[in-house]
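Asks: Have a look at this one.
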């Protein structure tokens, strides 16, 4: 399929999807055929720009003559929509988290296998070339033996949603399957396992609703996790406070990335990568304004939408296959079991 163009339908084009929806009309290897959203304006804008059809419903879009469907809808719709798309012979790129629970995620893995179609997860962290460099540092031994991983995503949006009904599904347990940890920590659960090349096998968490009692799930939660390789991690999420950071700690150095902007490195070995130029071992290197690429930048070779299109057309592996989405759901399940039991909980195999 190397010389063909992938015909794409988008389910959900508002919210975060508005940051990448246009890529499918701009990338030379894809054609934006149809879109659907319950809010009219973003769909109408894409129709005006790219001449795509606005489908009257999600079911109607899935039934159209398409090669692939990108699903960026509320979590509680993922299972049914992805199943229907796979059953109709379409490849699927699915927003995180994969589903509401492990059982639904297992259904999708089985369905993609039966349909012989690609089912991949969209994790925007992997758009960033910095993350590729950090993974190379770990794999090359530039940080020594890695024993620690810490990450927190706290956006404070729980306060805003009280006055924005269109976004309030994020505060519904029925729609999300949990709370801030489901919606935010999934990014760093996935990234940590990808960076370390090791699955999370155990979690112990604490959390609750501190400030946003209009939200059904927790607005603040932190997990202590253990990786299969013995490393430990601290992963947090919050709807009620703000701040973001990710760090990796090894026996010979550390990497710290704060607010998606400031990188700090200190180690005992040099490393020369795409974004990391660490040439004076022993000294602290601080790089400011090292920003992630735009989600809709198709010229970024690591863009996860572009790589999904290329993988389908070229028959190459996707970065985050369905099995990784299922793995992340199992880690989430263990975390929420721990929240209820107050004990460490094993991640199901």
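The values are calculated or read from the model by the stated rules, or taken from the named source; none is laboratory data. Everything numeric here is computed off the predicted structure, so don't read it as measured data. Glycine gets a Cβ as well: all are built from the backbone with ideal geometry, and neighbour counts include every protein chain shown.
Asks: So residue 13 clears everything in (1) outside any loop (DSSP other than H, G, I, E, B); (2) closer than 21 Å to residue 175 by Cα except one condition, right? Which one?
Replies: Condition (1) is where residue 13 drops out.
Asks: Which members of region 51-69 meet the condition of being crowded, with 17+ Cβ neighbours inside 10 Å and either without any contact (Cβ under 8 Å) to a residue 12 or more places away in the chain or in a helix (DSSP H, G or I) (or both)?
Replies: 58, 61, 62, listed by residue number.
Asks: If you don't mind, there's one more thing I want to ask. Modelled with pLDDT of 95 or more, under 22 Å from residue 58 (Cα atoms), part of a helix (DSSP H, G or I) and in contact with a helix residue (DSSP H, G or I) (Cβ under 7 Å, 6 or more places away or on another chain), is that true of residue 108?
Replies: Answer is yes for this residue.
Asks: Here's something else I'd like to know. Please go through region 292-343 and pick out each residue that is in a loop (DSSP other than H, G, I, E, B) and crowded, with 22+ Cβ neighbours inside 10 Å.
Replies: Matches in region 292-343: 303, 320.
Asks: Within the bounds of region 14-33, is there any residue that is at negative phi and at pLDDT below 95? Walk me through it before giving the result.
Replies: Initial filter on region 14-33 (at negative phi): 14, 16-33.
Right, trim to at pLDDT below 95 and you get 14, 16.
Yes - at least one qualifying residue is present in region 14-33.
Asks: Also, quick follow-up: State all residues of region 270-280 that are in contact with a strand residue (DSSP E or B) (Cβ under 9 Å, 6 or more places away or on another chain), surrounded by fewer than 16 Cβ atoms within 10 Å (Cβ to Cβ) and in a loop (DSSP other than H, G, I, E, B); if no residue qualifies, say none.
Replies: 270, 275, 279
Asks: Something else now. Among the candidates 311, 334, single out the residue that is within 20 Å of residue 129 (Cα to Cα) and out of contact with any helix residue (DSSP H, G or I) (no Cβ under 7 Å at 6 or more places or on another chain).
Replies: Details: 334 fails: within 20 Å of residue 129 (Cα to Cα).
None of the other options fit; the residue is 311.
Asks: While we're here: Among the residues of region 6-16, are any buried (at least 23 other Cβ atoms within 10 Å of the Cβ) and over 19 Å from residue 312 (Cβ atoms)? Give the derivation first.
Replies: Pass one, region 6-16, residues buried (at least 23 other Cβ atoms within 10 Å of the Cβ): 8-13.
Pick out the ones that are also over 19 Å from residue 312 (Cβ atoms) and you get 12-13.
The answer is yes; a qualifying residue exists.
Asks: Report yes if residue 93 is at pLDDT 95 or above and either surrounded by fewer than 20 Cβ atoms within 10 Å (Cβ to Cβ) or part of a helix (DSSP H, G or I) (or both), otherwise no.
Replies: no
Asks: Of (1) closer than 24 Å to residue 78 by Cα; (2) in contact (Cβ under 8 Å) with a residue 60 or more places away in the chain, residue 247 satisfies all except one. Which?
Replies: Only one criterion in (1) closer than 24 Å to residue 78 by Cα; (2) in contact (Cβ under 8 Å) with a residue 60 or more places away in the chain is unmet by residue 247, namely (1).
Asks: Ok, one more. Taking the residues in region 243-262 that are over 21 Å from the mean Cα position of the chain (by Cα) and assigned to a loop (DSSP other than H, G, I, E, B) as candidates, determine which candidate is nearest to residue 148 (Cα to Cα).
Replies: 251
Asks: Same structure, new question: Is there a residue in region 120-130 that is assigned by TED's automatic domain parsing to the domain that holds residue 191, in contact with a strand residue (DSSP E or B) (Cβ under 9 Å, 6 or more places away or on another chain) and either without any contact (Cβ under 8 Å) to a residue 60 or more places away in the chain or farther than 29 Å from residue 34 by Cα (or both)?
Replies: Yes, some residue in region 120-130 is assigned by TED's automatic domain parsing to the domain that holds residue 191, in contact with a strand residue (DSSP E or B) (Cβ under 9 Å, 6 or more places away or on another chain) and either without any contact (Cβ under 8 Å) to a residue 60 or more places away in the chain or farther than 29 Å from residue 34 by Cα (or both).
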